[in-house]
Each structure stands twice: as structure tokens, then as C-alpha cells.
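Engineer: What follows is a single structure, and I will ask about it in a moment.
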Amino acid sequence: MTEWTSTVGMRHIPEDELHAYLDQALSRSQCVEIECHLARCRHCQRSRDEVAAVRDRITSLLAAASLSRRPSAPPFTELVARHEARVAAARIDWGRVARRGALAAGLVAALATGWLGRSLLFPGSPAESLAAEVPAAPETKSSSVTGLDAGRQLVAMSDVGPLERLANEPDEIERVLPTPAARAEQPRAAAVMPAPATGTLTLQVASFEASDEGPGLTLPGLSQTVDWYQAYSVTGGNLPRIDGLPVVDVQVQPTVGDARPLVVVAQQHPSGRLIKTIEGPEEQVSALVDAQQNAGRFNASTATLTPPDYLVDANGRTRRGLRVAMVTGGLPADTLNALVKTITLRD
Amino acid sequence: MTDELERLYKTTYSAVVRFLYRKVWDADRAEDLAQEVFIRAMAHRPEKPRAWIFAVAANLARDEARAAVRRKKHLTLLTNDPLPMSTPDESADDQLEQDERREQVSIALEQLTARDREVLLLWDAGMSYPEIAEQTGLAVGAIGTTLARARKRLLEAYDRMDFDGRHAAHS
């Protein structure tokens, strides 16, 4: 215990020790010492009463600054279920993704072989001139493919990598991104394998560029177009969309670290135009939309908050990563602002 | 571990919500964050779950405050939204008075230093001096001094506002 102050020849208990005493934060021997002193010192008795009054008032004030209702704790089992769902969602079956990519690549190879054979047999055929327009596929781990898998379409899969790395490698972006000419050919390639209609939520083979929307939103390079259920798994069930509008395309781009991927869901507005809902880490969504807005490609809504990422840094400290959703498209900003308020994130 | 966490959940959930509420001033958000803290505890399995839970709650609340600042860049205020209509009655007056008091206490709390406020709120959440010391990095012996100062300053700030409010009402 610290040395007590002395006035008029008698030591008194410091105020902070009275606080600690009333907070029951002192050892038994310290309490005995203080109680012995209090029994014979009226000055310290008054001080103790004052500190006790301060404590009571603080308790009362903090109680006033509490919730106006009693916290309603959900059953612990509900939290356990949420934890388990999160763990399951975090286990992305990349092996399945790779197998699908390999299957699709095989189909493309078979098509290309037939195409080449036809061009050799019939020189000058439309197939040859079409091949001449399409640039060579970029040298990536799994090149851009078109395919069909179990009634769902895996339209295109490119190499996947962090956005930051891409930002520093403009040449690589240019190489990986399909050129406008290649994009223009995509609907023709898709037409080779028409998709069976399996419901509004199932990805339909359609290119954004096949519409009158212009070049539209372009993810900077390494994104993958996936089917709805795959995207649902990768994003842990957080798939932003506007209910009632047919989904045309879902693109997912992995983010750095533990953050959920950036997602772009394209839907057809009743006006016939495509709108795209972008959901992801705030910085990436802002950067993406700003860059493309500056290019005068489309309007964008205001941002609305979506469930954050919970990230663990190198020191093991947790922090929340802000995520937002925005709706973009060739519609007036007011229309997009109205649409952004109707975004549904989970079923 | 899960049993221990479940016991802790049952005994401290309200305290964690209260602790968070005094930082984010939004009851629903405080409950969301409190549940998030316990879900994260299941994944991390901390050795000292009680101290860990309050430490993570403090971090989440801090991040929430930072996010709120950044959010202003993006979100537009919807000033045209109609306000819910209510008829004034006695309970509404009580509610108004309660809200005013809560507002005053929140403002008074904001006038404390971050460390004083943290120590005070952790104490109010039922944490012991050694637990508060471990979380804040202060010496155990300094907690009493910090609490004494924080309590005094909170009362001074609150009384000053209360006095100003009454003075303004009578002038």
C-alpha cells in the first residue's frame, strides 16, 4: 500500500485507495488496515462517504446511459449454428472449382479442334475469319473458357489474383482482359452451347456486351464468372441482388486476406437495360466504380452498408472491414438510388 | 471450452451489450456486435475468455466508430423520410426525459480521455482491477487512481451540462 498522506500529524487514506477499497479491489490485509484507520478517523470517514456517494451517482448515471430495453440474448445454440455456418462457408471447395475449369477447358479444346479441322477442310470459311479476329488466349494458369456443367454454365474462368497486385501490373491487366473484339465474339461462342432454362436464379449465358449497354463495368482483370450456387458458397451466402429481376451474370473476384470476395451481380431491369450490383470491401468498390465512372461508362447509386468482414491482423487483433454495395447501370442516378435501397443480401 | 463459453455467454452477455452500447450508442448494433464477439470466441478459443471478450468488444466498437466516420463519405442523409408520428402522453414525456439524460451522459462520457472512459466502462461491466489493467496496459495500482479521476470528471462534466441546461431553460 502506498504511503498515506499526513495532515495535522495524522495520516489519511488517499482518495484513490478509498475508491479501490469500496470497489473491493484491495487485499484482505489492506482492507483491515483501512478499516482500523476509518474506525478512529472522522476525516477519512467523511472522505469514504463522499467517495461512496460519487460511486453511487456514477452507477446511476451509467445506468441511465444504458439500453432502454433489456438485451435479448439469442439462445447459445443459435450462435453455435452461426459459427458453424461461417466455418463451412469459409471452406471454399477450390478443388471443385479447378475440376470444373478443367472440364470446361476440355470442352473448349474439343471445340477448337473441330473448328481447326473445319477451317483446314474448308479454307476461307466463316470459322477461319472468326478465329482471325479473336486474339490468342492469354497465358494464364487456367485460360478463358466457355463450357457447360451439370445444367449450369461456367461461362468464363480466368486466372484469379489479388486486386492490389493487378493494380501494379497494368501490362498484365491489359494482357488478361479480353479485347473489345474478343468480347464481341463471346455471344457467338455462347451460342454454340445454348443453356437450358433452369430458373431465374440460374446463370443464363448472355454477355453484358451483347446488349446496348456499351462496355459496361469491367472488373480489372482476374475475375471469374461463376454460377449462382458457386457464388453463394464462395461469398458465404451474401449475394447482393434486387428481387424480382432475372439474374444474367455473377462475377466474383477474390480479395486480399480474410475478406469475402468482391461480387458483381448483373440483372435485367424492366427497361431492358442491365444493372449491376457490386458488393465488396469499401475501398475496392469505390475504386472500381470511380474508375469506370470517370470513363463515363455508367451512373452509380450511393453506397449502402453490407455486413462487414472481420479481419485478423498479424498481431492477432481483430478489426472490421467495411463493405458496401452499389448499383450501377445506364439508368438515371435517382432510379439507381431507389434500387440500391431494395437490395437483398441473403435469402 | 464451449461449456465455459456458454456459461460466460449467459452471465456476461448483458454486460457486453451494455459496454458496447456506451460506445456505439445503438442498441441493435451493440447486440449484433456482442453476438459477433461470442461467435469469434468460438473460433479463437481464448485462454482467458472473459478478458478476451471485452478486449475484442472494445476493438469492434473502435472499428465501428472509424467506419461511421468513413461512412459519411458515401451515405447521403435521407432528410425527406417521414418521421413516425406519435401522440404526446405521460409515458412519452418520461421517455423524452430519459432520452435527454442518456444524451447528456453520453456527451459527458465523450469528454473523458479515452483511457479514463475505457477504465470506467470496463469497471462498470464488472471487470476486476487486474482484468482492467491487463486490457488497458495500466499497472494494477494505477486503476484506482484512474477510476477516481474518471468518476470525478464524469460527474463534473455531467453537472456542468445539467447546470447549463437549467440556466438556459430559466433565461
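Engineer: Between rounded, prolate and oblate, where does region B:3-73 land on the alpha carbon gyration tensor, with a ≥ b ≥ c its root eigenvalues, rounded for a/c under 1.5, else prolate if a/b exceeds b/c? Walk me through the numbers before you get to the answer.
Structural biologist: Values: a/c = 2.59, a/b = 1.83, b/c = 1.42.
Prolate, because a/c is 1.5 or more and a/b exceeds b/c.
Engineer: Whole-Hz Karplus ³J(HN,Hα) for region A:67-75, in order, using 6.51 cos²θ - 1.76 cosθ + 1.60 and θ = phi - 60°, x for Gly and Pro?
Structural biologist: 5, 6, 10, 6, x, 9, 6, x, x
Engineer: Extent of region A:263-317 along each principal axis, from alpha carbon coordinates, in Å, largest to smallest?
Structural biologist: For region A:263-317, the Cα spread along each principal axis is 50, 24, 15 Å.
Engineer: Applying the Karplus parametrisation 6.51 cos²θ - 1.76 cosθ + 1.60 with θ = phi - 60° to the phi angles of region A:18-30, what ³J(HN,Hα) value in whole Hz is obtained for each residue in order, glycine and proline being reported as x?
Structural biologist: These are the phi-based 3J(HN,Hα) values: 5, 4, 5, 4, 5, 7, 6, 9, 9, 6, 4, 5, 5 Hz.
Engineer: Express in whole angstrom the spacing between the alpha-carbon centres of region A:296-347 and region A:14-78.
Structural biologist: Between the Cα centre of region A:296-347 and that of region A:14-78, the gap is 46 Å.
Every number in this text was worked out from the coordinates using simple rules, so none of it is lab data. Predicted model, so just to flag it, every value in this text is computed and none were measured.
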